[in-house]
């Protein structure tokens, strides 16, 4: 079913049958998409495993810390960017510290309070909560401004969001579940990182429907999920930003000259998964020119490679490890024929950190 802000909306029949959600957005200015990623809310009062957290973590990560650690930084980034839609590329919570579901529910209520449509996918830690994936799916789906659909392919959260202006398509978001929740108490959720074969089939079929509805021309698209693919590594190597050494650190434009508007820093191994040989070709056929992920908190590079921009979102909030001063969100601004990617740091006081920061 096609919905707008959780309600039925009238759109051309071709689009109604081609997208899970349609957002008709202002046509008098460039559209703004804000990517948030890896909030990883930790409620120390729900520590499941004794001594999993140290004394400092238990003190600083009590439930009352959620505003300073997470939601205040989000408010700052939203105020700076004024987005039309927000995409969340996984790890809203650190699920083993949210068996009650309280943090997940608080986050959903907080996002709805801003009145901005938001489209989430799951990360590798979200589904560790004993509250269960079915409850999490229902909570997303019942949130007033949340655009989420479980989907019919492997995983939870394979769905499409079509952005239109004056009912004309301008961009489609393919949202996908990249798996890897090995710590879930639910055996049905546990699987390694990557896309299953039926997820690739779903993506390509969804793109074909979108192309058909657009008179045979692919609709420009972004692909959003949590764990990076092998292309993030290949792009960095081919552009000369790193060698095959996965532990190499660099800052594009500082340690290496920037090319093609590339930017960002790499501070940890990519930890990516492989894809079929024709994956990039299939993305081109689907109109995908931007891929957005999270997962690696200390990586925030954005690299143009094979006519697709491969971008890590800037880590959102200060839970778990991160690079000081490099937390916030990532703004994607759409113009008529292109888009720009910009990291936007949160302008909020740095919260106390219980562990040495990742530099």
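The values are calculated or read from the model by the stated rules, or taken from the named source; none is laboratory data. Everything quoted here is computed from the prediction, not taken from an experiment. Using ideal geometry, Cβ is built from the backbone for each residue, glycine included, and neighbour counts are taken over all protein chains shown.
Structural remarks
- Filter result for residue 74 (without any contact (Cβ under 8 Å) to a residue 60 or more places away in the chain and either within 28 Å of residue 271 (Cβ to Cβ) or assigned to a helix (DSSP H, G or I) (or both)): no
- All positions within segment 265-295 that are out of contact with any strand residue (DSSP E or B) (no Cβ under 8 Å at 6 or more places or on another chain), part of a loop (DSSP other than H, G, I, E, B) and farther than 30 Å from residue 94 by Cβ: 276, 277, 278
- Residue in segment 194-210 that is in a strand (DSSP E or B), buried (at least 17 other Cβ atoms within 10 Å of the Cβ) and either modelled with pLDDT under 95 or out of contact with any strand residue (DSSP E or B) (no Cβ under 9 Å at 6 or more places or on another chain) (or both) present: no
Yes/no matrix, rows are residues, columns are (1) surrounded by fewer than 20 Cβ atoms within 10 Å (Cβ to Cβ); (2) touching a residue at least 24 places away in the same chain (Cβ under 8 Å); (3) outside any strand (DSSP E or B):
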| residue | (1), (2), (3) |
| --- | --- |
| 236 | no, yes, yes |
| 251 | yes, no, no |
| 343 | no, yes, no |
| 352 | yes, yes, yes |
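- Any chance residue 185 is in contact with a strand residue (DSSP E or B) (Cβ under 7 Å, 6 or more places away or on another chain), over 28 Å from residue 17 (Cβ atoms) and surrounded by fewer than 21 Cβ atoms within 10 Å (Cβ to Cβ): no
- The residues of segment 211-222 that are under 21 Å from the mean Cα position of the chain (by Cα) and either outside any loop (DSSP other than H, G, I, E, B) or loosely packed, with under 15 Cβ neighbours inside 10 Å (or both), listed by number, are 221, 222.
- Of all residues in segment 138-148 being under 15 Å from the mean Cα position of the chain (by Cα) and touching a residue at least 60 places away in the same chain (Cβ under 8 Å), the one that is farthest from residue 210 (Cα to Cα): 146
- Filter result for residue 120 (touching a strand residue (DSSP E or B) at 6+ places or on another chain (Cβ under 7 Å) and under 29 Å from residue 165 (Cα atoms)): yes
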